[in-house]
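The values are calculated or read from the model by the stated rules, or taken from the named source; none is laboratory data. On a predicted model such as this, the values are computed, not experimentally measured, just so you know. As a convention, Cβ positions derive from the backbone with ideal geometry for all residues, glycine included, and neighbour counts pool all protein chains shown.
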Amino acid sequence: MDNYNYGSYYQPPRKRRSLVSYIIVAIIAGLLGGLGSAYIAPKYLYGKLIPVPEIYQVNTPSAVNTITIKPIDESNVVAAVAKKSVSTVVGITTIQLQRDFLWTTPVEGVGSGVIVHSDGYILTNSHVIGDGNAQEINVLFENGDSLEGRLLWYDATLDLAVVKVNASNLPVAELGDSDLVEVGQMAIAIGNPLGLDFQRTVTAGVISGLHRSIQINRYSVMEDLIQTDASINPGNSGGPLLNATGQVIGINTAKTQSGEGLGFSIPINLVKPVIEEIVESGNFRNVYIGFTGSEVAVYERQMNVDIKAPTGVVVIEIIENSPAHVAGLKPMDVIIAVDNYEVTSMSNLRKILYNYRIGSKATLTINRDGNISKVPVTFKEF
């Protein structure tokens with residue numbers, strides 16, 4: 001009789017777990033444990049069943065430094081600015097006499113301008129009116145009228161001029177504050193590019209840079225300009241550069257020939273004192289200090305000397321009986337400031353003096369042999 005052991009059954013031999021299996025199990029357990037401590041514990045246990053550990057206590061800052069950006073419809077802004085300002089922009093044509101070796105030929109020029117006073121005062125570029133050499137000046141208005149213009153003032157160094165027409169109740173451009181302009185802000189240019197066939201063309205862009213300097217020719221540099229990528233072409237010169245509210249922030253003056261999207265504008269604040277005095281008195285009388293000079297860096301390079309002044313204008317020669325002579329300035333003095341205006345170059349100093357009138361008093365800060373002193377001065381007419 002066969003004997004069967006019913007209390008036992010067949011078991012296949014156990015396989016031995018490999019080292020890899022133990023490693024995988026350990027990794028999974030570690031991940032689950034980390035998840036529990038990083039998510040489950042802080043969310044469901046800490047603060048409810050057990051105290052919150054310090055590592056999970058978050059100190060919320062009382063104030064967050066944020067900049068709120070409000071998207072705008074740029075096309076609507078440009079259209080609104082154009083509607084507000086286009087009637088204040090004029091076309092300017094001139095006749096200048098170009099002299100050759102044997103004869104003189106009349107040459108026509110075209111530019112733009114902007115009305116800055118209802119009684120016919122128009123701001124433009126000096127080069128538009130031939131730096132004072134235009135024989136004829138005609139101003140063309142949006143309604144088709146054309147009036148003869150009369151030159152009241154110009155400054156070829158600053159490339160600015162004021163023209164007067166016999167008219168009243170003209171639409172006037174609103175002047176803004178160019179000191180508040182920031183890089184990245186919207187910029188809109190209006191003018192007559194490529195002649196009168198494209199009168200009052202509107203282009204838009206942004207403020208690309210501030211305090212730019214460009215070399216106009218071998219002897220002339222324009223400083224402290226506003227750079228924009230709004231299209232500025234020949235004929236745009238003298239037209240306004242406007243901000244997003246339609247205020248004039250600059251007068252368009254030049255476009256670099258070395259690249260696209262590089263236009264430049266003269267800050268409007270520079271010429272505001274000139275406009276105010278011309279409207280009040282009919283002309284503008286420049287004041288002067290009375291010396292010849294040079295920028296420190298230029299003088300040091302040309303003369304191979306060390307002035308011992310980081311910036312400013314070196315006094316080279318004093319004009320007799322001038323404000324500089326009366327104030328006691330001496331050759332090799334370095335003028336570094338007029339009141340609170342920093343002096344960096346001769347052209348910069350000339351701009352500063354536009355803020356003063358004949359008889360105005362100011363304090364010059366000078367560097368004399370490394371010693372800083374204050375000198376009072378009273379301005380005279382140039």
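Computed quantities for the displayed model
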item	result
Yes/no for Lys351 being crowded, with 19+ Cβ neighbours inside 10 Å and either assigned by TED's automatic domain parsing to the domain that holds Gly293 or touching a Ser or Thr at 6+ places or on another chain (Cβ under 6 Å) (or both)	yes
Hey, Val287 in contact (Cβ under 8 Å) with a residue 12 or more places away in the chain and hydrophobic (A, V, I, L, M, F, W, C) or not	yes
Candidate set: segment 282-294, residues that are within 19 Å of Asp155 (Cβ to Cβ) and hydroxyl-bearing (Ser, Thr, Tyr); chosen: the one surrounded by the fewest Cβ atoms within 10 Å (Cβ to Cβ)	Thr292
Residue count, segment 78-109 (criterion: polar (S, T, N, Q) and closer than 24 Å to Phe141 by Cβ)	6
Which numbered condition Asn192 misses (of (1) modelled with pLDDT of 90 or more; (2) surrounded by 18 or more Cβ atoms within 10 Å (Cβ to Cβ))	(1)
Residue ranges of strands (runs of 3 or more DSSP E) in segment 77-182 with at least 3 members of a type outside the set (Gly, Ala, Ser) and surrounded by 15 or more Cβ atoms within 10 Å (Cβ to Cβ)	89-99, 104-117, 121-124, 134-140, 150-155, 160-164
Residue check for Ala173: in contact with a helix residue (DSSP H, G or I) (Cβ under 9 Å, 6 or more places away or on another chain) and over 13 Å from Ser265 (Cβ atoms)	yes
Residues that are among the acidic types (Asp, Glu) and either touching a residue at least 60 places away in the same chain (Cβ under 8 Å) or loosely packed, with under 11 Cβ neighbours inside 10 Å (or both), drawn from segment 295-316	Asp306
Test for Phe284: is it under 30 Å from Gly176 (Cα atoms), touching a Phe, Trp or Tyr at 6+ places or on another chain (Cβ under 8 Å) and among the hydrophobic types (A, V, I, L, M, F, W, C)	yes
Strands (runs of 3 or more DSSP E) wholly inside segment 331-382 that include at least 1 residues being touching a helix residue (DSSP H, G or I) at 6+ places or on another chain (Cβ under 8 Å) and under 22 Å from Ala297 (Cα atoms)	334-338, 361-368
Where Ser168 falls short, out of the listed (1) within 27 Å of Thr245 (Cα to Cα); (2) touching a strand residue (DSSP E or B) at 6+ places or on another chain (Cβ under 8 Å); (3) of a type in the set (S, T, N, Q)	(2)
Of all residues in segment 330-356 being of a type in the set (A, V, I, L, M, F, W, C) and touching a Lys or Arg at 6+ places or on another chain (Cβ under 9 Å), the one that is nearest to Ile214 (Cα to Cα)	Val334
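So that you can scan it fast, the table gives a plain yes or no per residue for (1) surrounded by 14 or more Cβ atoms within 10 Å (Cβ to Cβ); (2) more than 21 Å from Val172 (Cβ to Cβ); (3) modelled with pLDDT of 90 or more:
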site	(1), (2), (3)
Asp197	no, yes, no
Gly205	yes, yes, yes
Ser213	no, yes, no
Asn217	no, yes, no
Asn252	yes, no, yes
Glu260	no, yes, no
